[in-house]
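Contents: one structure, followed by commentary.
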Amino acid sequence: MSHDLGFHGDTMAEGLVVSTCLGGAFIGSLFSGLIADGVGRRRAFQLCALPLIIGSSMSATAKNLWGMLLGRLFVGTGMGIGPPVAALYVAEVSPAYVRGTYGSCSQLATCLGLMGALFIGFPAKQIEGWWRMCFWASVAPAALLTLFMEFSVESPHWLFKRGRGADAEAEFEKLLGGPYVKSAMAKLSKSQRGDEADTVKLSELFYGRHRKVVFMGSSLFALQQLSGINAVFYFSSTVFKSAGVPSESANICVGIANLLGSLFALVSMDKLGRKALLIASFSGMAVAMTIQATSASSLVSGSSVIYLSVEGMLL
């Protein structure tokens, strides 16, 4: 890609191709909640697919670095809108006793998507311009998302909140079956009454009794992003290359490690609980980053540097 678009050897440009996507995700995430509440969860999914399709197409047909960056910005915007809506939608349509497991399915799907991307990218070194096919391939899941959401249920919570109780009942019947509709509607009605009695302004989230919850939730997401996981996904090839491991094998190893972690979360989320998994996973990340930092310090030398670096990345 760097050869074709004229920025080969420019590390700043390579970094921008990666980080512009994350910048777009920041923009998209700011509007995610407003879109989900304004047009509903189903339409929000379809709206997030639009910049993904446009951005991937722009990247696939880019003639220079600026065209690529604009395409990446669009893709990032779609990425920023989608995950919060997905988490909200899963929480609202899944029964409480399997909510954690269903929520983990999104992460599992992300892992499978990453693995798929790695396999699609294999011919890139042998076939000139294959990277364009990789971008065209990423249009497919976004288009399928748009199509399949037409046949998916709308969130009963959103419908009830909009005063469409009959529609909410109909959606509950599709999700849970007739016998469970009344109890589900009763719970929903009770929770919505509590919400209405406890309506707060945006500014009130940053002080008083709401401050703690907002701080904890925001901190968890911030720490997740700052834990180094993005570096693992975007620059693992560079680390493995210095260890003499082919990038294809390296990427597969990282994908498999991530997949195994997600599978563990999938089967244990509703058994062990969220807090135990958070403590264990963040502790694991701390250990992994310590190993990475040690490998980059003067404390180790020779082949130990490579082994520790690869080990830390996989962990």
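From the list 35, 27, which one is among the hydrophobic types (A, V, I, L, M, F, W, C), open to solvent by less than 60 Å² (accessible area, probe 1.4 Å) and assigned to a helix (DSSP H, G or I)? It would help to see each step written out before you state the result.
Numbers: 27 fails: open to solvent by less than 60 Å² (accessible area, probe 1.4 Å).
Only one candidate qualifies: 35.
Among 308, 299, which is surrounded by 15 or more Cβ atoms within 10 Å (Cβ to Cβ), free of Cβ contacts under 8 Å to residues at least 24 places away in the same chain and out of contact with any Gly (no Cβ under 6 Å at 6 or more places or on another chain)? Walk me through how you get there before you give the answer.
Details: 299 fails: surrounded by 15 or more Cβ atoms within 10 Å (Cβ to Cβ).
Going through 308, 299 in turn, the sole match is 308.
Take residue 98 and tell me if it is β-branched (Val, Ile, Thr), buried (at least 16 other Cβ atoms within 10 Å of the Cβ) and in a helix (DSSP H, G or I). Before you say what the answer is, go through the steps one by one.
Numbers: β-branched (Val, Ile, Thr): yes; buried (at least 16 other Cβ atoms within 10 Å of the Cβ): no; in a helix (DSSP H, G or I): yes.
When the stated conditions are applied, residue 98 does not pass them.
So which of 280, 265, 250, 276 ends up being within 15 Å of residue 108 (Cβ to Cβ), assigned to a helix (DSSP H, G or I) and either of a type outside the set (Ser, Thr, Tyr) or over 18 Å from the mean Cα position of the chain (by Cα) (or both)? Working first, answer last.
Details: 280 fails: within 15 Å of residue 108 (Cβ to Cβ); 250 fails: within 15 Å of residue 108 (Cβ to Cβ); 276 fails: within 15 Å of residue 108 (Cβ to Cβ).
Answer to the check: 265.
Kindly provide the set of residues from region 37-59 that are among the small types (Gly, Ala, Ser), farther than 15 Å from residue 138 by Cβ and without any contact (Cβ under 8 Å) to a residue 60 or more places away in the chain, ordered by number.
The first filter runs over region 37-59 and keeps only residues among the small types (Gly, Ala, Ser), leaving 38, 40, 44, 49, 55-57, 59.
From what's left, farther than 15 Å from residue 138 by Cβ: 38, 40, 44.
38, 44 - these are the residues of region 37-59 that are among the small types (Gly, Ala, Ser), farther than 15 Å from residue 138 by Cβ and without any contact (Cβ under 8 Å) to a residue 60 or more places away in the chain.
Just for region 6-15: of the residues that are in contact (Cβ under 8 Å) with a residue 40 or more places away in the chain and surrounded by fewer than 18 Cβ atoms within 10 Å (Cβ to Cβ), which one is farthest from residue 86 (Cα to Cα)?
Going residue by residue through region 6-15, those that are in contact (Cβ under 8 Å) with a residue 40 or more places away in the chain are 6-7, 13.
Those left that are additionally surrounded by fewer than 18 Cβ atoms within 10 Å (Cβ to Cβ): 6, 13.
Working: 6: 37, 13: 32 Å.
My answer is 6.
For residues that are open to solvent by less than 50 Å² (accessible area, probe 1.4 Å) and hydroxyl-bearing (Ser, Thr, Tyr), scanning just region 45-67, find the one that is nearest to residue 84 (Cα to Cα).
Across region 45-67, the extreme among qualifying residues is 56.
Of all residues being of a type in the set (Ser, Thr, Tyr) and surrounded by fewer than 20 Cβ atoms within 10 Å (Cβ to Cβ) in region 143-165, which is modelled with the highest pLDDT? Just the residue, please.
Going through the qualifying residues, I end up with 146.
Looking at residue 110 and the list (1) over 17 Å from residue 34 (Cβ atoms); (2) open to solvent by less than 60 Å² (accessible area, probe 1.4 Å); (3) of a type in the set (Val, Ile, Thr), which single condition is not satisfied?
Checking residue 110 against (1) over 17 Å from residue 34 (Cβ atoms); (2) open to solvent by less than 60 Å² (accessible area, probe 1.4 Å); (3) of a type in the set (Val, Ile, Thr), the one that fails is (2).
Just the residues that are at pLDDT below 85 and assigned to a helix (DSSP H, G or I), please, taken from region 202-222. It would help to see each step written out before you state the result.
Narrowing region 202-222 to residues at pLDDT below 85: 202-211, 221.
The answer is 202, 203, 204, 205, 206, 208, 209, 210, 211, 221.
Only residues that are surrounded by fewer than 15 Cβ atoms within 10 Å (Cβ to Cβ) and over 14 Å from residue 238 (Cβ atoms): list them for region 286-296, please. Steps first, please.
So the first thing to find is which residues in region 286-296 are surrounded by fewer than 15 Cβ atoms within 10 Å (Cβ to Cβ), and the list is 286-287, 290, 293, 296.
Those that are surrounded by fewer than 15 Cβ atoms within 10 Å (Cβ to Cβ) and over 14 Å from residue 238 (Cβ atoms): 286, 287, 290, 293.
Hey, among the residues in region 261-285 that are crowded, with 17+ Cβ neighbours inside 10 Å and not hydrophobic (A, V, I, L, M, F, W, C), which one's modelled with the highest pLDDT?
Looking at the filtered set, the residue picked out is 262.
Give the residues of region 235-260 that are farther than 16 Å from residue 309 by Cβ and buried (at least 16 other Cβ atoms within 10 Å of the Cβ), sorted by residue number.
Passing the criteria: 248, 255, 258, 259.
Out of all the residues in region 18-31, which are modelled with pLDDT under 90 and over 20 Å from residue 86 (Cα atoms)?
Applying the first criterion (modelled with pLDDT under 90) to region 18-31 yields 18-19, 22.
Listed by number, the residues that qualify are 18, 19.
The values are calculated or read from the model by the stated rules, or taken from the named source; none is laboratory data. Treat the numbers as computed from the prediction; the structure is a model and nothing was measured. A quick note on method: Cβ atoms are made from the backbone with ideal geometry, for glycine too, and the neighbour counts reach across all protein chains shown. For accessibility, only protein heavy atoms count, side chains too; no ligands or nucleic acids. Shrake-Rupley method; radii C 1.70, N 1.55, O 1.52, S 1.80 Å.
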